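Each remark here refers to the structure printed beneath this line.
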Amino acid sequence: MSKKLKVSLIQTELIWEEPLLNLSAFDIKLKELYGNTELVILPEMFTTGFSMNPQEIAYSYTIYDWFKNHAMAGNFAIYGSVMFKKDSGTYCNRGIFMKPDGDFTVYDKRHTFTLAGEHEVYDRGEKPVIAEFKGWKFNLQICYDLRFPVYARNTQDYDVLLYVANWPVPRVNAWDALLKARAIENMAYCIGVNRVGTDGTGMDYSGHSQVYDVLGHEMIKDHPWQTEGIQQVVLDKEHIEFTRKKLRFLEDRDAFTLE
């Protein structure tokens, strides 16, 4: 178990529907972090941008090897999402949490973004997913999931919420507000990694990637962060334990289950 965890957020532009070019760009960024972090967070659909055209460019199981190679070489875990082709021939927006020993956890995005027609192209996930690493528990989430607090509800005593996104400029105020709210209401760290630049549909993205602590305090001080780059923060398990012991808000949760 690790009481402290060094996390790196990669906020960057994405090349529209060019998986090989994006992977090459991330190869360079990840190699810069080898031996200098414990967890790396990438944006949503980091190989393509938020595209509704998965035919011919979606990855299947071969993408796991890319994750595994970097995780093993860098001795860190990685979380990010890609358009993924399932054995059934259908597609999903799949989050992959890969650990350096090659063990991994997958989460298929539950709330497909109907405004962009994502629900017509990608299957939605069936359940919340928790990944564990170095004694930490992570609730894996993707972009639009951020708007649905019931799905993030902390009934599993997780430590960190992870949101990877392509969240556009017109609604970035909601991104900022909801990330902070999810941290406060769940008494957990909340990490949101967004992209920057313009995608193939003309949609603009301004980043605003951020880490909030259990009390909703910003951990990346130059906010809003709107440029390409890598930010690093250190999460502290004692911060979670002390705050939850002092402020026992989670004990007053209403009892109900998701269907």
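Read-outs: derived from the displayed coordinates by stated rules, not from any lab. Note that the coordinates shown come from a computational prediction; the quantities given were computed from them, not determined experimentally. Don't worry about glycine lacking a Cβ; one is built from the backbone with ideal geometry, like all the others, and counts go over all protein chains shown.
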How would you classify the chain from its alpha-carbon gyration tensor, with a ≥ b ≥ c the square roots of the eigenvalues: rounded for a/c under 1.5, else prolate if a/b is greater than b/c, otherwise oblate?
-> rounded
Mind checking which aspartates and glutamates have their C-alpha under 12 Å from Lys180, skipping anything on the same chain fewer than 8 residues away?
-> Asp213, Glu218
Relative contact order of the range 87-204 (C-alpha contacts under 8 Å, at least 6 apart) in percent is 18 percent
Ordered by fewest other Cβ atoms within 10 Å, a rough proxy for footprinting exposure, Asp65, Asp254, Asp123 read Asp254, Asp65, Asp123
Could you let me know the centre-to-centre spacing of the range 34-71 and the range 103-129, using Cα atoms, in angstrom?
-> 15 Å
Local electrostatic count at Leu146 - Lys and Arg +1, Asp and Glu -1, tallied over other residues with Cβ under 12 Å | +3
Give me the net charge of Ser81's neighbourhood, meaning all other residues with Cβ under 10 Å from the Cβ of Ser81; Lys, Arg count +1, Asp, Glu -1.
-> 0
At 37 °C in a medium of viscosity 0.692 mPa s, the range 1-95 has a Stokes-Einstein diffusion coefficient, with Rh taken as the Kirkwood radius over alpha carbon pairs, in µm² per second, of 237 µm²/s
Restricting to Cα pairs under 8 Å and 6 or more apart, the percent relative contact order of the range 4-248 works out to 20 percent
Listed pairs Lys4/Lys134; Lys127/Lys237; Lys4/Lys29; Lys6/Lys237; Lys3/Lys68 exceeding 21 Å between Cα atoms = Lys127/Lys237; Lys4/Lys29; Lys3/Lys68
Take Ser2, Ser88, Ser81, Ser51 and order them by how many other Cβ atoms sit within 10 Å, fewest up front.
-> Ser88, Ser2, Ser51, Ser81
